[in-house]
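These notes concern the structure reproduced below.
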Amino acid sequence: MTKKSELGSYGQFCPVAMAAEIVCSRWTALLLRELLYGSTRFNDLRRGVPRMSPALLSKRLKELEQAGVIAVTPAAQPGAVEYKLTQAGEDLRGVIMSLGIWGQRWVESSLSLKNLDPAFLMWDMRRNLKPPALPERRCTVEFIYPEVDRGRRYWWLVIEDGAVDLCGVDPGYDVDLHVRSSLRSMTAVWMGHSTLQREIDAGAIQLIGDKALARHMHEWLGLSSFAKEKRHHKTVT
């Protein structure tokens, strides 16, 4: 691994300090999360960190390559490359997942639900959706977040042959199920702060269309990787 410049160094020999120089720069932990979840293409990484500028993403990827955390390899498509974790990068899995578990357990849900982002929510839903729980045919599910600006209000998940595609523009298929929800309610369900049935009973989520798909939504939707973590209540002394 290469060393950070003196300007970006903590100047300590402690392994915590040396690791933090690589992992703790802004956006790097989130970028590592995406790589650990299996994203290898630049555009897919961007979809996992939609508020990160392309220039900064390129810079962070270069830093991770120089640190020996990722390797850049040619992709099947001419001129394209893939970013893949090295053994050093894979060894960070426990670190990044533990960070997420800590956040799920200890960060107040009211604070986490202030950071609402339909693009990231839908991207996370896409990768955790469970195709085996759906019929063996193409299924198209439209998600509508009425309070969001029109350009990010409508999203489609298209499931076919075990693959899941996320569309931000109408893919042109007949929609099997329309899911109308506030962004906050769907995020709360996804993060395990609420349940699908609770939000449906409260009228916060409406399911219109294929009744079988609606009835089994709790099976095929899946949840965030951290949703099952038991939350702890902070005590004030």
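Only one of VAL148, VAL164 is of a type in the set (Val, Ile, Thr) and under 16 Å from the mean Cα position of the chain (by Cα). Can you tell me which?
On the way: VAL148 fails: under 16 Å from the mean Cα position of the chain (by Cα).
Matching residue, one of VAL148, VAL164: VAL164.
Out of all the residues in the stretch 68-106, which are over 13 Å from GLU34 (Cα atoms) and in a loop (DSSP other than H, G, I, E, B)?
Those that are over 13 Å from GLU34 (Cα atoms) and in a loop (DSSP other than H, G, I, E, B): GLY68, VAL69, ALA75, ALA76, GLN77, PRO78, GLY79, ALA80, THR86, ASP91.
List, please: which pairs have Cβ atoms under 9 Å, are six or more places apart or on different chains, and start with a residue in the stretch 189-209 that is farther than 24 Å from SER225 by Cβ and of a type in the set (Gly, Ala, Ser) and end with one that is open to solvent by less than 40 Å² (accessible area, probe 1.4 Å) and assigned to a loop (DSSP other than H, G, I, E, B)?
ALA202/SER194; GLY209/ASP176
Could you run through the stretch 197-217 and say how many residues are of a type in the set (D, E, K, R), over 13 Å from ARG184 (Cα atoms) and open to solvent by less than 50 Å² (accessible area, probe 1.4 Å)?
Within the stretch 197-217, the first condition is being of a type in the set (D, E, K, R), and the residues that meet it are 198-199, 201, 210-211, 215.
Filter again for over 13 Å from ARG184 (Cα atoms), leaving 198, 201, 210-211, 215.
If we keep only those that are open to solvent by less than 50 Å² (accessible area, probe 1.4 Å) as well, we get 210.
Total satisfying the criteria: 1.
Those residues that are surrounded by 16 or more Cβ atoms within 10 Å (Cβ to Cβ) and over 19 Å from TRP156 (Cα atoms), I need them from the stretch 181-196; list them, please. Lay out the reasoning, then the answer.
Initially, the stretch 181-196 is screened for residues surrounded by 16 or more Cβ atoms within 10 Å (Cβ to Cβ), giving 181-194, 196.
ALA188, MET191, GLY192, HIS193, SER194, listed by residue number.
I need every pair where a residue in the stretch 16-33 that is touching a residue at least 40 places away in the same chain (Cβ under 8 Å) and open to solvent by less than 50 Å² (accessible area, probe 1.4 Å) has its Cβ under 8 Å from the Cβ of a residue that is in a helix (DSSP H, G or I) and polar (S, T, N, Q), sequence separation at least 6 or different chains.
ILE22/THR28
What's the total number of residues in the stretch 152-168 that are under 24 Å from ARG51 (Cβ atoms) and either at pLDDT 95 or above or open to solvent by less than 80 Å² (accessible area, probe 1.4 Å) (or both)? Break it down stepwise before answering.
First, the residues of the stretch 152-168 that are under 24 Å from ARG51 (Cβ atoms): 152-157, 164-168.
This time we only want the ones that are either at pLDDT 95 or above or open to solvent by less than 80 Å² (accessible area, probe 1.4 Å) (or both), so: 153-157, 164-168.
Residues in the stretch 152-168 being under 24 Å from ARG51 (Cβ atoms) and either at pLDDT 95 or above or open to solvent by less than 80 Å² (accessible area, probe 1.4 Å) (or both): 10 in total.
Considering only residues that are within 22 Å of SER98 (Cβ to Cβ) and surrounded by fewer than 18 Cβ atoms within 10 Å (Cβ to Cβ), which ones fall in the stretch 37-57? Write out each step before concluding.
Of the residues in the stretch 37-57, the ones within 22 Å of SER98 (Cβ to Cβ) are 37-39, 45, 48-49.
Those that are within 22 Å of SER98 (Cβ to Cβ) and surrounded by fewer than 18 Cβ atoms within 10 Å (Cβ to Cβ): TYR37, GLY38.
Taking the options MET191, MET186, name whichever one is modelled with pLDDT under 95 and within 24 Å of LYS114 (Cβ to Cβ). Before you say what the answer is, go through the steps one by one.
Working: MET186 fails: modelled with pLDDT under 95.
Sole residue among the options that is modelled with pLDDT under 95 and within 24 Å of LYS114 (Cβ to Cβ): MET191.
For the stretch 59-108, name all the residues that are surrounded by 14 or more Cβ atoms within 10 Å (Cβ to Cβ), of a type in the set (S, T, N, Q) and closer than 30 Å to ARG184 by Cβ.
If the condition is that a residue be surrounded by 14 or more Cβ atoms within 10 Å (Cβ to Cβ), of a type in the set (S, T, N, Q) and closer than 30 Å to ARG184 by Cβ, then GLN104 is the only one that fits.
If you check VAL148 against the conditions, is it under 30 Å from TRP102 (Cβ atoms) and either modelled with pLDDT of 95 or more or open to solvent by less than 20 Å² (accessible area, probe 1.4 Å) (or both)?
When the stated conditions are applied, VAL148 passes them.
Do any residues in the stretch 83-110 that are more than 18 Å from LEU61 (Cβ to Cβ) have Cβ atoms under 7 Å from those of residues that are assigned to a loop (DSSP other than H, G, I, E, B) and acidic (Asp, Glu), where the two are at least six apart or on different chains, and which pairs are they?
ILE101/GLU229; GLN104/GLU229; ARG105/GLU229
The values are calculated or read from the model by the stated rules, or taken from the named source; none is laboratory data. Treat the numbers as computed from the prediction; the structure is a model and nothing was measured. Note that each Cβ is placed from the backbone with ideal geometry, even for glycine, and that neighbours are counted across all protein chains shown. Accessible surface areas use protein heavy atoms only, side chains included; no ligands, DNA or RNA. Shrake-Rupley method; radii C 1.70, N 1.55, O 1.52, S 1.80 Å.
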